[in-house]
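Asker: Handing you this structure, nothing more for now.
Just so it is clear, none of the values below were taken in a lab; they were calculated from the coordinates. From a predicted model like this one, the values you see are computed outputs, not experimental measurements. Cβ: placed from backbone, ideal geometry, glycine included. Neighbour counts: every protein chain shown.
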Amino acid sequence: MSMPSHLSIVTLGVADLDRSIAFYRALGWRQAKSSVEGVISWFATGGTWLGLFPMADLAEDAGFARDAGPGDGAFIGMTLALNVGSEAEVDAAIAMAAAAGGTVRVPPVATDFGVYRGYVADPDGHLWEVAHNPGFPLRPDGSIDIP
C-alpha cells in the first residue's frame, strides 16, 4: 500500500480570520457553507480546498505551542501557486489580489526559463505565485499537467 499522492487541503494559519476571509472573498473565491464562523473557513480551489484557521489554533492542532510560527512575516520556505492561461491573466490576478489587500512581492515578469510570473502575499504573508507556464498545459478544469 502507498500513501495517495494528491493534495486535498492546504490550511493557512492566519492572524485575523475575518480579514483573511474578506481577502479571499474579494478575489471571488467560493466559500464553503461548512465554514464555521470565528473558527475555520474553507474556499474551493478547483480540486483542492484552502482552509483558513487562526494561527495559534493551527499551531496547537499540529502539536506546537500556541505561540509557534513565524508571525514576523519571515519567509517560511513555502509558496502556493496558481497557474493561469495567459500573461494577461497573471497581470489581472496580481492586480486583483493587491486591490483585495494583498502585497505584491514580485511584480509580474518574464523569467529566463519561459514562465511569466509574479508573487503576491495575502494579509498574513502567505506567498502566492501566479504564473503562466506554456510548458505546464492547463486542463479544462483549470488544473495543470506537468509533463
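Asker: Please go through the stretch 1-56 and give me each residue that is more than 22 Å from Leu82 (Cβ to Cβ), small (Gly, Ala, Ser) and crowded, with 17+ Cβ neighbours inside 10 Å, ordered by number.
Answerer: Of everything in the stretch 1-56, just one residue is more than 22 Å from Leu82 (Cβ to Cβ), small (Gly, Ala, Ser) and crowded, with 17+ Cβ neighbours inside 10 Å, namely Ala56.
Asker: In the stretch 104-120, is there at least one residue being touching a Phe, Trp or Tyr at 6+ places or on another chain (Cβ under 9 Å), farther than 25 Å from Thr11 by Cβ and not in a strand (DSSP E or B)?
Answerer: Yes, the stretch 104-120 has at least one match.
Asker: Yes or no: the stretch 97-118 includes at least one residue that is out of contact with any helix residue (DSSP H, G or I) (no Cβ under 6 Å at 6 or more places or on another chain) and at positive phi.
Answerer: Yes - at least one qualifying residue is present in the stretch 97-118.
Asker: For the stretch 88-103, enumerate the residues that are within 13 Å of the chain's Cα centre (by Cα), in a loop (DSSP other than H, G, I, E, B) and either closer than 20 Å to Ser143 by Cα or of a type in the set (A, V, I, L, M) (or both).
Answerer: none
Asker: For Met1, all conditions in the list (1) under 23 Å from Asp67 (Cβ atoms); (2) part of a loop (DSSP other than H, G, I, E, B); (3) hydrophobic (A, V, I, L, M, F, W, C) hold save one; what is the number of the exception?
Answerer: Here Met1 meets the rest and fails (1).
Asker: Which members of the stretch 19-38 meet the condition of being touching a residue at least 12 places away in the same chain (Cβ under 8 Å) and either outside any loop (DSSP other than H, G, I, E, B) or of a type outside the set (Gly, Ala, Ser) (or both)?
Answerer: Across the stretch 19-38, the qualifying residues are Arg19, Ser20, Ile21, Ala22, Phe23, Tyr24, Ala26, Leu27, Trp29, Arg30, Gln31.
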